[in-house]
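Student: Take this structure, written in structure tokens, and hold onto it; I'll ask about it next.
Please treat every number below as a calculation from the coordinates, not as lab data. Since the structure is predicted, the reported quantities are computational estimates derived from the model, not experimental observations. Note: ideal-geometry Cβ built from the backbone for every residue, glycine included; neighbour counts use all protein chains shown.
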Amino acid sequence: MKKYTLTLALAAVLPLVSANAYEYVNNNTESYSTVRPVKATAHKTTTTTRKTGGYKNTITNNFYYAQPQESSYTVEPKRGIKRPAGYTVYKQDYNDDDYYYGAPAKRQVAKKQTREYYSYAERKYFLAHPFFQPLKGHFGSVTDIAYAKNSFKFDMLDASVLDIDTTSSTYGQIVAAGTLNLNAKQETTQFLVKEDVSYGITDTLALILMAQYDKTKTSFKDWSSGDPADSLSDSGLNIFGIGIQNRFVDTDEWIAMVDASFLHQKNTANIFEGGVKAGYKIDNTTIYGLARIRYIDITEGDSYGAFVKDDTGDYLMLSYRNDTKDVFEAEAGLGAFAVLGHDFTLNGELIYGVYDWHNQLSVRGAFGWQPGDQFALNLYAMTSLYDSADGKTKKYMNYDVNPEVSGTNLVYTTGNYKLKDYNEWRIGLQAILYF
């Protein structure tokens, strides 16, 4: 029996991708292929803190306010002071009582003094904030470079071999059937470069354009029969999309956003997504919840799964679902975003997803560095903590040209396989620009 693969990344694409660092990243990194036939191929008003001397930094609603040491001037009454433009000025008037020194004839009166203070506040927008989007007339750009891996072991349980050679005397008949004692490992890796560009139509509404280049390699290896591994890669500019985002609530305590998008995966599927996110602000931290739904229209074939094909036309497919053109997925989760200081941020999310044929609990963490107002780097990683795929039994299909079966040159074998040790993870770096 020959073993071959080619997987087109349908979910490894990591869904709605806003052109900003606040994009929610789908934790489902599994890969998909289709068959019949399969082609290989916020604004917050600044409040200035008054302080006598010293240095004070404050973080309010995830914006960082830096206040340098306040300066003071002691001047004669009604004397003007030249101070930096735009600085907030505080006045304190000192009306000292008369003080007597020595004899009553020698009286000295202290002059009235006016003391002025000034300070300023620096407001910084964090580009990695989950709710950040460009303001009216501004652009945002997120370049995401990532590496993802999906793997599981599988046992092939049984087989039914159908003769599909029209010149054979046994055409249309089952020529062999029985149980199997064969196991191996499926492994899919993907390197991707994704670019999202957004434009602020208003301060709360943004338009997003998306594109992705990826290189995906799927392998069937570690066969118990001793057969060598087979793999095949597919690469190209495979994903294009458009979307909108609306941050419809942004107060001192609450923030909320909705989004919708359309993605097209070349020669594979059309994807429609919608999501909502709402958060509560506590000093330097925003606690938020999120929910997302996804509808996938399979444009090629009526099955999807891990698929491998060789130059002779032989293929083996470990299907996840058969006889379908539609896939529905949903996710819900909790997250927290915290400002650690002037330049650093931390983000974490716990997501539970229902991905058509299996459910998954995953965790995602990100560490951000933003040295200025217009550029940031966001290093992130995710992994699955639990997946219901373990222990599931699914169908496989093997198309074999010139098989080791006498009397025929073409057979089609089907049977059951069982998954175990299902795992997904991804690591990436986002470069974020705002201008």
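Student: Extension gain PHE272-LEU346, at 0.36 nm per residue separation less the Cα-Cα distance, in nm?
Tutor: On the way: separation 74, 0.36 × 74 = 26.64 nm, distance 2.96 nm.
Additional length available on full extension: 23.7 nm.
Student: If I stretch the segment between ALA381 and ASP283 completely, what's the gain in nm (0.36 nm per residue apart, minus their alpha carbon distance), one decimal? The partial results should precede the final answer.
Tutor: Working: separation 98, 0.36 × 98 = 35.28 nm, distance 2.56 nm.
That works out to 32.7 nm of additional length.
Student: Seen from all sides and averaged, what is the projected area of the convex hull of the Cα atoms in the stretch 154-298, in nm²?
Tutor: Values: hull surface 58.4 nm².
Computing the convex hull of the Cα atoms and averaging its projections yields 14.6 nm².
Student: Let me ask something else. Given a cut-off of 17 Å, what percent of all Cα-Cα pairs of the stretch 360-402 lie beyond it? Don't jump to the answer; show the numbers that get you there.
Tutor: Working: 577 of 903 pairs.
Summing the P(r) tail past 17 Å for the stretch 360-402 gives 64 percent.
Student: Here is a follow-up. Given a Förster distance of 41 Å, report the FRET efficiency between TRP254 and LYS418 from their Cβ-Cβ distance, rounded to the nearest 0.05.
Tutor: Efficiency computed from Cβ-Cβ geometry: 0.30.
Student: Around ASP390, which amide H atoms from residues at least 5 apart in sequence, or from another chain, sit under 5 Å from its own amide H, with H modelled in the peptide plane?
Tutor: Hits under the 5 Å cutoff: TYR422.
Student: Would you mind checking the pairs LYS266/LYS325; LYS194/LYS325; LYS394/LYS420; LYS266/LYS395 and listing those with alpha carbons more than 20 angstrom apart? Could the numbers behind the result be given before it?
Tutor: Working: LYS266/LYS325 16 Å; LYS194/LYS325 27 Å; LYS394/LYS420 12 Å; LYS266/LYS395 26 Å.
In this structure, LYS194/LYS325; LYS266/LYS395 exceed 20 Å between Cα atoms.
Student: Right, another one. Using modelled backbone amide H atoms (1.01 Å from N, in-plane), which distant-in-sequence or interchain residues come within less than 5 Å of LEU340's amide H?
Tutor: THR345, LEU346
Student: Taking θ as phi - 60°, what are the ³J(HN,Hα) couplings along the stretch 390-395 by the Karplus curve (6.51, -1.76, 1.60), each to the nearest whole Hz, with x for Gly and Pro?
Tutor: Going residue by residue, I get 4, x, 6, 10, 10, 9 Hz, with x marking Gly and Pro.
Student: With a point put 7 Å past each Cα toward its Cβ, work out how far ALA332 is from THR393 in nm, to one decimal.
Tutor: With each label point 7 Å from Cα toward Cβ, the separation is 3.2 nm.
Student: On to the next question. What translational diffusion coefficient, to the nearest whole µm²/s, does the stretch 278-426 have by Stokes-Einstein, given a Kirkwood radius computed over alpha-carbon pairs, a temperature of 37 °C and 0.692 mPa s viscosity? Write down the numbers at each step before the final one.
Tutor: On the way: Rh = 19.1 Å.
Translational D for this selection: 172 µm²/s.
Student: Using a simple charge model, +1 on the beta-carbon of Lys and Arg, -1 on the beta-carbon of Asp and Glu, nothing else, what dipole does the stretch 338-435 show about its Cα centre, in debye to the nearest 20?
Tutor: Numbers: 7 positive and 10 negative charges, 56 e Å.
In total the dipole reaches around 260 debye.
Student: Once phi is turned into θ = phi - 60°, what whole-Hz ³J(HN,Hα) does the Karplus curve with 6.51, -1.76 and 1.60 give for every residue of the stretch 156-163, x standing for Gly and Pro?
Tutor: 7, 8, 8, 8, 10, 9, 9, 7
Student: Let me ask something else about it. Obtain the nm distance between the two label points defined at ILE427 and ASP155 by a simple spin-label model: each point lies 7 Å from its Cα along the Cα-to-C-beta direction.
Tutor: My value for the distance between the label points is 3.3 nm.
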